[in-house]
1. Among the residues of the stretch 10-58, write down those that are more than 25 Å from E127 (Cα to Cα), open to solvent by less than 40 Å² (accessible area, probe 1.4 Å) and aliphatic (A, V, I, L, M).
2. How many of the residues making up the stretch 114-153 are farther than 30 Å from G96 by Cβ and open to solvent by 60 Å² or more (accessible area, probe 1.4 Å)?
3. Would you mention how many residues in the stretch 110-165 are among the hydroxyl-bearing types (S, T, Y) and part of a loop (DSSP other than H, G, I, E, B)?
4. What tally of residues in the stretch 79-138 results from selecting those that are under 30 Å from S12 (Cβ atoms) and out of contact with any strand residue (DSSP E or B) (no Cβ under 6 Å at 6 or more places or on another chain)?
5. Residues being out of contact with any Leu (no Cβ under 9 Å at 6 or more places or on another chain) and either among the small types (G, A, S) or more than 9 Å from ligand 2 (Cβ to nearest atom) (or both): count how many of those fall in the stretch 45-56.
6. If you scan the stretch 74-95, which residues turn out to be assigned to a loop (DSSP other than H, G, I, E, B), charged (D, E, K, R) and either modelled with pLDDT of 95 or more or within 12 Å of ligand 1 (Cβ to nearest atom) (or both)?
Amino acid sequence: MLYKLEVENFFSIRDPQVLDLSVDGKVPDPEGRYAPIFEGADVRAPKVVALYGANASGKTTVLRALEFVVTMIRDSVARTVPGFAGIERFNDVESGSRPIRFAIELGGIINLTPEVFQRATSGEKVEQGTYRYELEIELKEGLAVRIASESLRQRPNGQGKWQRVY
Ligand SMILES: Nc1ncnc2c1ncn2[C@@H]1O[C@H](COP(=O)(O)OP(=O)(O)OP(=O)(O)O)[C@@H](O)[C@H]1O
Ligand SMILES: [Mg+2]
């Protein structure tokens, strides 16, 4: 389950912003609005999230960031998909020469391979934890030109040091 989104230099977001939806295990939840971020986790996140705010406050920007990250995770190996045509950095002089950055954190099965996935779907208990995915897009003359870095790290049981997956 996704519980964190970080965005920097993307459309109306200039400085790094963190949207952290994680809820401490001690917070009561009589209505059942939260779900564990991975099976067995104390930390939870809301099952449904609403974004509200004034016009031009950045709601669509947040959704665009999430959509772009998901597309990059799914399709960045296919070089022509998605391209950078639909994305913009923050429109001031200084932001034209620094990267666009994203990060997401989510919980789920770690050390994930087709074999582990198979075991999990047949009801076997498999190792759970959190992932952190980071993406940095390089700009040239204010335009997004290439992926400067992309990484995925995991943390068994959501604790301790991040371990690099790629
Ligand atoms: N590249 C950019 N750099 C700086 N600001 C931008 C950039 N692109 C769009 N904006 C500004 O971002 C704001 C729009 O943000 P966004 O569309 O996320 O708001 P919203 O909350 O979804 O608004 P609405 O309620 O109208 O749908 C506008 O003020 C627009 O001028
Ligand atoms: Mg909008």
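The values are calculated or read from the model by the stated rules, or taken from the named source; none is laboratory data. This one's a predicted model, so the numbers in the text were calculated from it and none came from an experiment. In this analysis, Cβ positions are derived from the backbone assuming ideal geometry, glycine residues included, and neighbour counts consider all displayed protein chains. We work out accessible area using only protein heavy atoms, side chains counted, and drop any ligands, DNA or RNA first. Shrake-Rupley method; radii C 1.70, N 1.55, O 1.52, S 1.80 Å.
1. Selection gives I13 alone.
2. Let us first name the residues in the stretch 114-153 that are farther than 30 Å from G96 by Cβ, namely 114-131.
After this cut, where a residue has to be open to solvent by 60 Å² or more (accessible area, probe 1.4 Å) as well, the list is 114-115, 117-119, 121-125, 127.
Adding up the residues that qualify gives 11.
3. 2
4. Going through the stretch 79-138 one residue at a time, the tally reaches 17.
5. The total comes to 7.
6. In the first step, residues of the stretch 74-95 are kept if they are assigned to a loop (DSSP other than H, G, I, E, B); the result is 76-93.
Then keep just the ones that are charged (D, E, K, R); that gives 79, 88-89, 92.
Once the filter is applied, which keeps residues that are assigned to a loop (DSSP other than H, G, I, E, B), charged (D, E, K, R) and either modelled with pLDDT of 95 or more or within 12 Å of ligand 1 (Cβ to nearest atom) (or both), the stretch 74-95 yields E88, R89, D92.
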